[in-house]
Amino acid sequence: MSILKVARIAHPLLRSPAKPVPKEAFRDRLFQKLIDDMRETMHEYEGVGLAAPQVHEGLRLAVIQVPGTDEHPEAEVPFLVLVNPVVTPLSEERENGWEGCLSIPDLRGLVPRLKRLKLDALDRDGKPYSLEASDFFARVVQHECDHLDGDVYVDRMKDMRSLTFIKEFEDHVKHDEE
Ligand SMILES: [Zn+2]
């Protein structure tokens with residue numbers, strides 16, 4: 001496995017709609033290796049999700065893994081592969097939450113996202129699955145699926161004044177919220 005180079009914004013791939021993964025890809029050793037490498041890259045940079053365009057592959061593929069916390073062990077999402085994902089809102093309710101992105105290093109911003117959604121996708125063997133996601137998991141799904149359409153979280157921010165560097169977030173913002 002290898003750690004892949006992560007594209008940063010202004011790279012054209014991050015602004016281009018990704019192509020659907022074709023059926024024959026699932027049997028391709030290189031496609032399976034790409035998934036393993038994306039998993040390792042996500043772990044290396046302590047991300048909770050990574051989309052293929054972020055590692056210079058214009059495919060509708062993303063990986064997600066969210067660790068549980070002491071306060072919210074139920075928030076844990078085991079390693080999940082999303083191929084050709086489709087998101088359907090389960091309610092129109094949206095919630096503001098903090099997001100960052102490995103392709104926009106060192107920054108965070110408040111982004112309104114759907115609170116509940118249905119995800120339909122294929123797994124790494126091409127098998128279809130469907131699940132419901134809410135709260136932070138739903139946020140990560142929306143963030144990663146946006147990458148497949150050439151969108152990034154700052155495009156979704158309603159108030160750019162919340163944009164902050166991570167260091168200043170730790171120093172000032174987190175304090176105020178506690
Ligand atoms: Zn991102």
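The values are calculated or read from the model by the stated rules, or taken from the named source; none is laboratory data. All values derive from a computational prediction rather than experimental measurement. Quick reminder, even Gly has a Cβ in these numbers, built from the backbone with ideal geometry, and neighbours come from all protein chains shown. For accessibility, only protein heavy atoms count, side chains too; no ligands or nucleic acids. Shrake-Rupley method; radii C 1.70, N 1.55, O 1.52, S 1.80 Å.
At a probe radius of 1.4 angstrom, the accessible area of the chain per residue rounds to 57 square angstrom. For segment 1-63, the list of GluC sites (Glu not before Pro) that fall in a loop by DSSP and count at most 11 other C-beta atoms within 10 angstrom reads E46. The Stokes-Einstein estimate for segment 1-52, based on a Kirkwood radius over Cα pairs and taken at 37 °C with 0.692 mPa s viscosity, is a diffusion coefficient of 267 µm²/s. Accessible surface of S130, taken over heavy atoms with a 1.4 Å probe and every protein chain present, rounds to 70 Å².
Candidates A25, G97, A138 compared by Cα position along the dipole of the chain: farthest toward the positive end lies A25, with charges placed on Cβ. The share of accessible area on the chain that comes from carbon and sulfur is 52 percent, using a 1.4 angstrom probe.
Annotation for E170 and K5: the two label points, set 7 Å from Cα along the Cα-Cβ direction, are 2.8 nm apart.
Using C-alpha pairs below 8 Å separated by at least 6 residues, the relative contact order for the chain is 22 percent. Residue ranking by accessible heavy-atom surface, 1.4 Å probe, largest first, among Y129, Y153 comes out as Y129, Y153.
Given +1 at the Cβ of Lys and Arg, -1 at the Cβ of Asp and Glu and no other charges, the dipole of segment 16-56 around its Cα centre is 300 debye to the nearest 20. I'd like the orientation of helix 29-44 relative to the chain: the angle between its Cα long axis and the longest Cα principal axis, in ° from 0 to 90, rounded to 10. Once rounded, the angle reads 20 degrees.
Helix 135-148 and the long axis of the chain differ in direction by around 60°, with both axes built from C-alpha atoms. Ranked by solvent-accessible area (1.4 Å probe, protein heavy atoms only, all chains present), the residues M42, M1 order from largest to smallest as M1, M42. Quick one: work out Rg over Rh on the C-alpha atoms of the chain, Rh as Kirkwood radius. Over the Cα atoms of the chain, Rg/Rh equals 0.95.
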